[in-house]
Each structure stands twice: as structure tokens, then as C-alpha cells.
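Since the structure comes first, as C-alpha cells, the remarks are kept for the end.
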């Protein structure tokens, strides 16, 4: 991926990994559009940055995504990179019948959102020079945590979808997967200061170092995430799964 001179869309760009990564891409000499539901958060992420722009987006709505894609191409015809970062993570209990609203919202946001956004913009991207799509998955795509089952499943699906997309767009659009570990952000309550999670600044430093490699790796996986990404290949899956399960039980007081 070209390190500078791009026009980049960052979904979920108002906070956490999305905002921090958008600002670092901007620091590298790129124009960046941050998109999300909360205009105040998006405006805060763009504050003092002349070539960062905010656009509201309801990532759960197919109609809203299609309208958004048409608007962004009209406003920013040089758009050549899409980072599908928007995501939510909800705890769920599978032990008994439950309301599936959280599961359905997670699927709409984490899986259908990136698929719909890619579908809405793919014709434009194929025609752009130095085009790229970055899909954000998770270390939990490779070793799940049992208290967040739908989140894990959507991220595993994004990993699989990204592999297919990369092959389909070979020679036309670069397709990259970013798989974070647990990072100190507001993704879940209390996560900003949770012990054992990687500090956001440290994570972004490691991610940008990988993005700036030439050629850019197909998978952006920092060392903490590599522990999960490589667990099955290295024969550590059962141990890693049990360790995550123990942490999850303690976190919810089981």
C-alpha cells in the first residue's frame, strides 16, 4: 500500500483504533475521511487537521451505506483506500434462551457492514490507481473467547471473506487484513485501562511500522496478536483457548 498521497476512508473513525489510525495516516501525508454515527466524535478526531473530514454513517443500514458510497465518491473522487474498521463487541450468554438483538446487531455491523461497503465502492476502487481495501478482523477470529461468540464469529468470517476478496481482486485492488489483539480502547466497558490489553499508542506504532513495509504485508498482525494468529499452526490452540476462557470467566465473575 502506498504510504502517502492517498485518500482514505476510515469507518468507525470517531474513536479508538479507527480515530488513532486515521490520525496517523493523516500524519503520513494522506487525506482521510472518518465515518461513523457520532458527529461530535468524528469532528473531535478531525480537530486541527485540514485534510481530515467527517461524514456520518449508519453502518447497520444497507440503504444508508449505498447512499454514503455515492456521496463520498462525489465529494472525494480520488478515494482509493477503504478501511473497514467499524465494529462492536457485546458479551453474550449462551446457556439459555435469550434475546438475539445483540447478536443480530453485531452481525449487521461487523460482517454485513464491510461486505456492503466493499460492494458499494468496489467498481470505483477498481478504476483507481494504488487502490486498497483494509478489513479489520481480530485475534479472536483465530482463537475465540466464549463470552463474545458472535463477535468472534463475525471476525472469523471477515478473515475468510478477505481471503476470497484478495483472490478476486488480485492485480486490481490490494486487499489487507488487520487483526488487532486486545487493545486499550472503548470497545467494551472499562477496556481503556484494562490490565493485559495493549496500550493504544503502542499498538498504532507497531501497526504503522508494518503498513510502511514495502511490499505491505497481506496481514497486519502485531506481536501480541501473533500469539493468537499462529496458535493453531504452532499446536497451541487448546492452551490459548483455555487461557482466554479462564480470563473471560474471571472478568464476568463466574
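The values are calculated or read from the model by the stated rules, or taken from the named source; none is laboratory data. Everything numeric in this text was worked out from a predicted model, so none of it was measured. Reconstructed Cβ throughout: ideal geometry from the backbone, glycine too, with neighbour counts over all protein chains shown.
Is it the case that residue 172 is in contact (Cβ under 8 Å) with a residue 12 or more places away in the chain, part of a helix (DSSP H, G or I) and either touching a strand residue (DSSP E or B) at 6+ places or on another chain (Cβ under 6 Å) or within 30 Å of residue 128 (Cβ to Cβ) (or both)? Criteria not met by residue 172.
Scan region 237-247 and tell me whether some residue there is in contact with a strand residue (DSSP E or B) (Cβ under 6 Å, 6 or more places away or on another chain) and modelled with pLDDT of 95 or more. Looking through region 237-247, none of the residues is in contact with a strand residue (DSSP E or B) (Cβ under 6 Å, 6 or more places away or on another chain) and modelled with pLDDT of 95 or more. Among the residues of region 113-132 satisfying the criterion of being touching a helix residue (DSSP H, G or I) at 6+ places or on another chain (Cβ under 6 Å) and not in a loop (DSSP other than H, G, I, E, B), which is surrounded by the most Cβ atoms within 10 Å (Cβ to Cβ)? Filtering first and then ranking leaves 117.
Do we have any residue at all in region 185-192 that's at pLDDT 95 or above and not in a loop (DSSP other than H, G, I, E, B)? Within region 185-192 (the criterion being at pLDDT 95 or above and not in a loop (DSSP other than H, G, I, E, B)), the answer is no, since none of the residues qualifies.
Cβ-Cβ distances below 6 Å connect the following pairs, each with a first residue in region 37-52 that is free of Cβ contacts under 8 Å to residues at least 24 places away in the same chain and at negative phi, a second residue that is in a strand (DSSP E or B) and surrounded by 12 or more Cβ atoms within 10 Å (Cβ to Cβ), and a separation of six or more residues or different chains: 39/56; 43/54; 46/52; 46/54. Being free of Cβ contacts under 8 Å to residues at least 60 places away in the same chain, buried (at least 18 other Cβ atoms within 10 Å of the Cβ) and within 17 Å of the chain's Cα centre (by Cα) is the requirement here; does residue 191 meet it? So residue 191 fails the test.
If the condition is being surrounded by 20 or more Cβ atoms within 10 Å (Cβ to Cβ) and either more than 13 Å from the chain's Cα centre (by Cα) or part of a strand (DSSP E or B) (or both), then region 212-222 contributes 220, 222. Residue selection: residue 130 satisfies the criterion of being at pLDDT 95 or above and within 23 Å of residue 221 (Cα to Cα).
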